[in-house]
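Here is the structure we will look at, set down as structure tokens.
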Amino acid sequence: MENAKVPHFFKEIKERMKLQFYPFNDLYLTYLVFFVLLIGGIGIWVSIFQEFNKEVANYTNVVLNMGTYYLALITTSYIDITTNDKIVNKKSLQVYSFIFLFIVASIFVSSFFLIDKYSLLLSSIGIILGLFIWHLANCENEKFNDESYSAKIRAGAKNTHGKGWK
């Protein structure tokens, strides 16, 4: 009967997908766009710019940079997810993560054997999957919540300096 309280794995994922977007958190979206996409993906942007300046574009470097970007994003996010104590369905997470790892590795390898437009499409799918996993790993991260940060500071000040702090 205790298992009745545990949400199904996909329901847990669905609920995690909504976090930071409902209610909307502008700090989270700013971090995602500016730091994760723009700064973190700088290698992709540079390689795209280089290819646009050539007369005949060869997108192998772009695909390679996209692949290393989403692999790094997924790997670090996976570590965050597996060490997250708030995730209920750990066994399901392990099984589906193994399947997901196989899919991502297949996307990465396959992208080098296809023509440019299909390679770019596969790499774009890899980036979308990487951002999805990054979101699942960081959707409950308190560093994106101003209220929890302020509460933590106030609690630390009360504990350190006495009960007179508000």
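The values are calculated or read from the model by the stated rules, or taken from the named source; none is laboratory data. Fair warning: this is a prediction, and the values are worked out from it, not measured in the lab. Neighbour counts are summed over all protein chains in view; Cβ atoms, including those assigned to glycine, are modelled from backbone coordinates with ideal geometry. All accessible areas refer to the heavy atoms of the entire protein, side chains included, with ligands and DNA or RNA removed. Shrake-Rupley method; radii C 1.70, N 1.55, O 1.52, S 1.80 Å.
Computed values, structure above
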item: Residues of region 25-60 that turn out to be touching a helix residue (DSSP H, G or I) at 6+ places or on another chain (Cβ under 9 Å), among the polar types (S, T, N, Q), surrounded by fewer than 16 Cβ atoms within 10 Å (Cβ to Cβ) and not in a helix (DSSP H, G or I), as a count; result: 1
item: Search result, residues across region 78-93 that are part of a helix (DSSP H, G or I) and closer than 14 Å to residue 137 by Cα; result: 78, 79, 80, 81, 82, 90, 93
item: Verdict on residue 105 being open to solvent by less than 70 Å² (accessible area, probe 1.4 Å) and assigned to a loop (DSSP other than H, G, I, E, B); result: no
